[in-house]
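Enquirer: For reference, the structure I am asking about is given below.
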Amino acid sequence: MPSAPEELITISGTAEEIIFRNSDNGYTVVLMDIDGSPETAVGSLGDIVEGESLILRGSYIESTKYGRQFKAVTCERKLPSTADEIRKYLGSGIIKGVGPSMAKKIVAAFGEHSLGIIENDPGQLSSIKGITMEKALYIGSEFRNLCGVRTVIEFLGGYEISPLTASLLWKTHEGNSMGLVRENPYLLCDSTFNVEFGTADRIAYDLGLPMSDHNRIKAAVSYVLRRNANAGHTCVPRAELCGVVCPLIRIDEDDYEKALFEGINEGQFVLYETSRREYVYLSEYYSAEKYISKKISDMLKLAVHTDKDYTEEINLIEWEQNIKYEGLQKAAINAALGNSVFILTGGPGTGKTTALNAIIRLFENRKKKLVLAAPTGRAAKRMTDLTGRPARTIHRLLETEFNEQTNRHTFKHNERNPLKADIIIIDEMSMVDTLLFASLLKAIKTDCKLIMVGDTNQLPSVGAGNVLRDLIASRLIPTIELKEIFRQAAESLIITNAHRIVSGEYPELDERKKDFFFMPTGSDEETAELVISLAKTRLPNRYQYSPIDDIQVLSPTKMSPAGTKELNRALQLALNPPASGKKELRVFDNVFRTGDKVMQIKNDYDITWRRGPDSGTGIFNGDIGIIYEVDVKNSLLHIDFDGRKAVYTHDMMNKLELAYAITIHKSQGSEYKAVIMPLTLFSDQLLYRNLLYTGVTRAKEILIVIGSREAVKRMVDNNKKTNRFSCMKDMLEVFYSQDGAD
């Protein structure tokens, strides 16, 4: 059972010394005076200064090096009241142009009334030598501004909303902040502030706003649509959406319909009708699917179609490379050369890489500017290894930059600044979600060739959409599926079993002389013990594999004794146990120590990394790294992501998980020398065919499946495709049919 949440307590005192502050996110280490006793507090405390009186809510944590610290969840700031506190407060530099010397003069003149004078009658400050009337009024204006920020921080802090979010609200709306929140607390739910709907709903309840308030209903619709987007759906059928929202927030359908169409008129939502039913979109997902459909349609229409046969060039490549392509490979190479948009798909061992290398070579012979990319760092590295050409992640290809007007990161390459490429090849297309694909297409010139490579039997993208399947299902894009398993690949039981699984046949589990091994166990606990034994000793001793670099445990689930959560704890203890001199940090229910293998679980465009003399920003969902240094004093982790070194502050660590064991979903686009896959009878929702297929195809040299034969059989028998709501196929057909297709 999950442990009960730790009870929060409240402490109050004066900020004596700011020991450390991260100006980007407000994470602060402060020495507090609590009733005459010094205590260290840490947390996202915003721009607190020395001399301020603070009321902190949180809990005590134990640091192995620095002892007991108070980890604050909320921070309420009170103005200092004594003359000494006010002098220290003003002397901290909180008001630009007021330093320790001027602070001393102000307090000498007005004592405990100093702050009241500054706020209400700042002109009196001009009586002090060195302060002009203009400067006095400036000091008063700046102080009133600070008081406004403090009011917002204190109000939102009562709902455990961080000072960082409160400061961002003030930066966005300034003096209107509190008025806007009181009028519509649901504005906090937008992507700028990312406050949970339930929290905004509590604020609205306390403010006495009615349950039928249209802002509340629109926020609930947005919440449900975003929750569905997190599950992979770009839209939701209108009738089903109503059936979820109304009981969720206890409103009637009439109020729901009025608010929904108000949101549609305001551009927050879009209603899209197909021949079968109506769907409701968040505007960003509708815009993305519409853009993809229009751009692909334009690329298909504007292409010069010829019946040219490239057989002679293909034959020459065969002679130069001493290789013989099979029929579908030749068809794929020919189609890639002759079409503006092309999809190459197929399972393992069918020769996708061989065909792709021929395509690359033929384009290079034409002196074309060729760009290779993949959705993740590991997939890009694998693409580089297989083709011998540099490949980048799509994010790095598009280059992120911060837009101060929107207060978010955008891509540098877009319609106004397209990529300088004649041909772009994207591998692992099954992993590319709708928003990312739209951003990629915006950066591609209409006359650029686009070649997409992937395996439709893999799991779909983590983000919303089913891009590769929808593109193929439209039947508008030339597509070749390679099916023949080559003789050398057929010698691998990993590959032949993968194809058995796709075909609905049970894999061969009793063959013990090749690269696919099945080890039956009687319980989850026995399965977990065997996983640890294999990872720690048996595979390293037999094959000289590194437990960290070469072996990866993949589980279908996070939960259960054989899920990633419990396995990571056990594997961490087995592979990287605590030791004298090995530093570690406790973060929520995780312990991160030097040498740990960790994974980023959310895209973060702000993280700065360095690789030798180069630097950049962004660590993305699925990136795996090794902690090479733990700074306990400042609560920092230094992590190496395949050569990109990044520093994580305490509040960024909720985006990290231990990665000794990861879910099969998170393994997409990666390959490992050895994969250990525990499969037990846990949840039928996770026992389906393409999840098993994806896990099996992650192994390059050895795959060991541990657990239940029945679980394997159930997964093969359950051919549940990951159905996702999307209208992209319909939009593609509509756009392509307009103005007459060639």
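Enquirer: Here is a list of conditions, (1) modelled with pLDDT of 85 or more; (2) buried (at least 21 other Cβ atoms within 10 Å of the Cβ), and G157 meets all of them except one; can you say which number that is?
Expert: (1)
Enquirer: Something else now. Only residues that are open to solvent by less than 40 Å² (accessible area, probe 1.4 Å) and over 20 Å from the mean Cα position of the chain (by Cα): list them for the stretch 595-624, please. If you could, list the steps in order and put the result at the bottom.
Expert: Taking the stretch 595-624 as the starting set, the residues that turn out to be open to solvent by less than 40 Å² (accessible area, probe 1.4 Å) are 595-601, 604, 607, 609, 616, 618-620, 622-624.
Answer for the stretch 595-624, where residues must be open to solvent by less than 40 Å² (accessible area, probe 1.4 Å) and over 20 Å from the mean Cα position of the chain (by Cα): G595, D596.
Enquirer: On to the next question. Of the residues G208, G140, G175, which single one is free of Cβ contacts under 8 Å to residues at least 24 places away in the same chain and open to solvent by 10 Å² or more (accessible area, probe 1.4 Å)?
Expert: G208
Enquirer: Would you check which residues across the stretch 531-559 are open to solvent by 30 Å² or more (accessible area, probe 1.4 Å) and more than 20 Å from V598 (Cα to Cα) and list them?
Expert: Once the filter is applied, which keeps residues that are open to solvent by 30 Å² or more (accessible area, probe 1.4 Å) and more than 20 Å from V598 (Cα to Cα), the stretch 531-559 yields S533, T537, R538, N541, R542, Y543, Q544.
Enquirer: May I pose another question? Somewhere in the stretch 304-319, is a residue open to solvent by 20 Å² or more (accessible area, probe 1.4 Å), at pLDDT 90 or above and not hydroxyl-bearing (S, T, Y)?
Expert: no
Enquirer: Now a separate question. Output the residues belonging to the stretch 458-475 that are open to solvent by 30 Å² or more (accessible area, probe 1.4 Å) and either in a loop (DSSP other than H, G, I, E, B) or hydrophobic (A, V, I, L, M, F, W, C) (or both). Spell out how you get there, then give the answer.
Expert: Just the residues of the stretch 458-475 that are open to solvent by 30 Å² or more (accessible area, probe 1.4 Å), to begin with: 462, 469, 472-473, 475.
Once the filter is applied, which keeps residues that are open to solvent by 30 Å² or more (accessible area, probe 1.4 Å) and either in a loop (DSSP other than H, G, I, E, B) or hydrophobic (A, V, I, L, M, F, W, C) (or both), the stretch 458-475 yields V462, I472, A473, R475.
Enquirer: Kindly list the number of the only condition in (1) of a type in the set (D, E, K, R); (2) at pLDDT 80 or above; (3) over 18 Å from A15 (Cα atoms) that fails for K171.
Expert: (2)
Enquirer: So, of the residues in the stretch 684-720 that are in a loop (DSSP other than H, G, I, E, B) and in contact with a Pro (Cβ under 8 Å, 6 or more places away or on another chain), which turns out to be nearest to E526 (Cα to Cα)?
Expert: Out of the qualifying residues, it is S708.
Enquirer: Would you mention how many residues in the stretch 49-60 are closer than 19 Å to L8 by Cβ and either touching an Asp or Glu at 6+ places or on another chain (Cβ under 8 Å) or buried (at least 16 other Cβ atoms within 10 Å of the Cβ) (or both)? So that I can check it myself, show each step before the final result.
Expert: First, the residues of the stretch 49-60 that are closer than 19 Å to L8 by Cβ: 54-60.
Still in the running and either touching an Asp or Glu at 6+ places or on another chain (Cβ under 8 Å) or buried (at least 16 other Cβ atoms within 10 Å of the Cβ) (or both): 54-59.
Matching residues across the stretch 49-60 total 6.
Enquirer: Please work out which residue is nearest to G243 (Cα to Cα), limiting yourself to the stretch 285-307 and to residues that are among the hydrophobic types (A, V, I, L, M, F, W, C) and assigned to a loop (DSSP other than H, G, I, E, B).
Expert: Looking at the filtered set, the residue picked out is A303.
Enquirer: If you don't mind, another one. Starting from residues that are modelled with pLDDT of 90 or more and either closer than 16 Å to Q488 by Cβ or more than 40 Å from the chain's Cα centre (by Cα) (or both), keep the ones in the stretch 328-356 and report whichever is surrounded by the most Cβ atoms within 10 Å (Cβ to Cβ).
Expert: Of everything passing the filter in the stretch 328-356, Q329 is surrounded by the most Cβ atoms within 10 Å (Cβ to Cβ).
Enquirer: In the stretch 149-175, which residues are hydroxyl-bearing (S, T, Y), assigned to a helix (DSSP H, G or I) and under 16 Å from A72 (Cβ atoms)? Write out each step before concluding.
Expert: At the first step, the residues of the stretch 149-175 found to be hydroxyl-bearing (S, T, Y) are 151, 159, 162, 165, 167, 172.
Subsequent filtering for residues that are assigned to a helix (DSSP H, G or I) retains 151, 165, 167, 172.
Within the stretch 149-175, T165, S167 meet the criteria.
Enquirer: Which of the residues belonging to the stretch 440-464 are at pLDDT 95 or above and farther than 24 Å from E364 by Cα?
Expert: K442
Enquirer: I would also like to ask the following. Mind listing whichever residues of the stretch 418-457 are assigned to a loop (DSSP other than H, G, I, E, B), within 14 Å of F342 (Cβ to Cβ) and touching a Phe, Trp or Tyr at 6+ places or on another chain (Cβ under 6 Å)?
Expert: none
Enquirer: In the stretch 507-530, which residues are open to solvent by 80 Å² or more (accessible area, probe 1.4 Å) and part of a helix (DSSP H, G or I)?
Expert: Listed by number, the residues that qualify are E525, E526, E529.
Enquirer: Still on this structure: Give the residues of the stretch 566-588 that are surrounded by 18 or more Cβ atoms within 10 Å (Cβ to Cβ), under 11 Å from A661 (Cβ atoms) and not hydrophobic (A, V, I, L, M, F, W, C), sorted by residue number.
Expert: E566, N568, Q572
Enquirer: In the stretch 235-259, what count of residues is obtained for those that are in contact with a Lys or Arg (Cβ under 9 Å, 6 or more places away or on another chain) and over 21 Å from V195 (Cα atoms)?
Expert: 4
Enquirer: Please count how many residues of the stretch 340-356 are under 15 Å from I314 (Cβ atoms) and polar (S, T, N, Q).
Expert: Total meeting the criteria: 1.
Enquirer: Please determine whether any residue of the stretch 669-691 is more than 29 Å from G504 (Cβ to Cβ), touching a strand residue (DSSP E or B) at 6+ places or on another chain (Cβ under 7 Å) and either crowded, with 20+ Cβ neighbours inside 10 Å or of a type in the set (A, V, I, L, M) (or both).
Expert: No; the residues of the stretch 669-691 include none that is more than 29 Å from G504 (Cβ to Cβ), touching a strand residue (DSSP E or B) at 6+ places or on another chain (Cβ under 7 Å) and either crowded, with 20+ Cβ neighbours inside 10 Å or of a type in the set (A, V, I, L, M) (or both).
Enquirer: When only residues in the stretch 240-296 that are aromatic (F, W, Y) and under 24 Å from the mean Cα position of the chain (by Cα) count, which is surrounded by the fewest Cβ atoms within 10 Å (Cβ to Cβ)?
Expert: My answer is Y291.
Enquirer: Further question on the same structure: Where in the stretch 594-678 are there strands (runs of 3 or more DSSP E), lying wholly inside it, with at least 1 residues that are touching a Leu at 6+ places or on another chain (Cβ under 6 Å)?
Expert: Hits in the stretch 594-678: 597-600, 624-631, 644-649, 661-663.
Enquirer: Looking at this structure, is Y660 open to solvent by less than 30 Å² (accessible area, probe 1.4 Å), within 24 Å of T496 (Cα to Cα) and among the hydroxyl-bearing types (S, T, Y)?
Expert: It is false that Y660 is open to solvent by less than 30 Å² (accessible area, probe 1.4 Å), within 24 Å of T496 (Cα to Cα) and among the hydroxyl-bearing types (S, T, Y).
The values are calculated or read from the model by the stated rules, or taken from the named source; none is laboratory data. Source: prediction; values computed, not measured. For neighbour counting, all protein chains shown are included, and Cβ atoms are generated from backbone atoms with ideal geometry for every residue, glycine included. Ligands, DNA and RNA are excluded from the accessible area calculation, which covers all protein heavy atoms including side chains. Shrake-Rupley method; radii C 1.70, N 1.55, O 1.52, S 1.80 Å.
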